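The block underneath contains the structure these notes are about, expressed in structure tokens.
Bear in mind these aren't lab numbers, they're just calculated from the coordinates by the rules spelled out. Just so we're clear, the structure is a prediction, and the values are computed from it rather than from any experiment. Here the Cβ is made from the backbone with ideal geometry for all residues, glycine too, and neighbour counts use every protein chain on show.
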Amino acid sequence: MAVRSIGFVPFSIEGCGRRAPCRFAAAAKPVPAVFFPAPEKLSFPVAEDSESVPVGACWPNWKLHPKDGVKYIHVTDKVAAHGARSLEVVDALPDWPPHMYLDVSRTKPGPCRISFALRLEKGARPEFEVREEYCRWALTPGPKIDVSADGWLCARGRRLVQVPFDAWFKVELAFELGAERKDHVYTVSVALPGESAPRVFTGNPMHKGFRELRWIGFQSLANNGARYWIDDFSL
């Protein structure tokens with residue numbers, strides 16, 4: 001054999017290895033029952049004005065439903081609140097699509113603000129919602145606004161103000177995150193065209209279990225082909 005050709009001499013392995021009983025396990029430290037949590041997701045800034053996005057594409061990192069949703073949600077250069085482009089949504093699907101959402105990570109206690117500009121055709125019914133988790137939207141509902149068919153901007157069913165069609169207006173949602181917040185409410189501010197100051201609506205209730213922000217999304221509730229546009233989105 002090859003090993004014998006280099007001078008190897010076989011030997012017996014009988015008696016090799018540990019001979020005494022293994023007793024060290026009793027003195028070993030127990031494995032901790034609680035492990036360190038996984039690191040938090042990066043809290044990246046969100047600011048979308050569509051100016052750097054090609055016409056016909058969607059905002060980077062936002063997910064669409066259905067998968068071919070870019071046919072219904074895409075950047076256009078036909079109208080804009082500022083600059084030359086905005087995001088156009090064509091509501092031509094049943095139920096809540098076309099729909100777009102973004103996974104985010106805001107877990108530290110403190111104030112949070114989300115703002116964007118909207119422009120609606122008559123009959124358009126956009127809805128914007130903030131969630132702690134996608135699958136817990138019904139258990140711990142967070143801030144939400146939508147526009148009814150007759151143009152009323154609502155906060156979870158509470159009518160706030162009638163908004164114009166075919167004109168830009170700005171919406172801002174302000175709320176607190178964290179388990180120690182005292183008031184479980186959010187504020188909606190609406191800046192209408194031609195008015196010097198925004199209208200502010202306080203005391204809109206949200207669930208006391210809503211503590212962290214991990215999901216934001218737009219739904220479309222009309223299914224009549226009406227369009228709406230989003231611009232200058234900021235978190």
(request) Please give, to one decimal in nm, the separation of the simple spin-label points placed at ALA33 and LYS208, each 7 Å out from Cα toward the Cβ. (result) 2.8
(request) With a point put 7 Å past each Cα toward its Cβ, work out how far GLU195 is from SER105 in nm, to one decimal. (result) 3.8
(message) So I have [x] 54, 39, 35; [y] 44, 39, 35; [z] 98, 49, 31, and one of them is Cα extents along the principal axes in Å calculated from this model. Which one is it?
(response) [z]
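What ranking, highest mean first, results for peptides 53-60, 125-132 when packing means the other Cβ atoms within 10 Å averaged over each residue? Write down the numbers at each step before the final one.
Numbers: 53-60: 14.1, 125-132: 20.9.
Packing proxy ranking, top to bottom: 125-132, 53-60.
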(request) Name the residue farthest towards the positive end of the dipole of the chain from the options ALA47, GLY178, PRO164, assuming +1 on Cβ of Lys and Arg, -1 on Cβ of Asp and Glu, about the Cα centre. (result) GLY178
(request) Would you list, by chain and number, the lysines whose Cα falls below 30 Å from the Cα of LYS71, excluding same-chain residues fewer than 8 positions away? (result) LYS63, LYS122, LYS144, LYS170
(request) Could you work out how far apart the two model spin labels at ALA167 and SER5 are, taking each label as a point 7 Å from the Cα in the direction of the beta carbon, and quote it in nm? (result) 9.6
(request) Would you work out if the range 173-225 is rounded, prolate or oblate? Take a ≥ b ≥ c from the square roots of the eigenvalues of the alpha-carbon gyration tensor; rounded if a/c is under 1.5, else prolate when a/b is larger than b/c, oblate otherwise. (result) oblate
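Once the Cβ-Cβ distance between VAL79 and SER148 is put in as r, and R0 is 30 Å, what FRET efficiency do you end up with, to the nearest 0.05? Show your work: numbers first, answer last.
On the way: r = 22 Å, r/R0 = 0.74.
With R0 = 30 Å, the Cβ-Cβ based efficiency is 0.85.
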(request) Quote the relative contact order of the chain in percent (integer), defining contacts as alpha-carbon pairs under 8 Å separated by 6+ residues. (result) 26
(message) Counting only helical runs of four or more DSSP H residues, what would the 222 nm mean residue ellipticity of the chain come to if each run contributes -39,500 (n - 2.57) and the total is spread over all its residues?
(response) 0 deg cm²/dmol
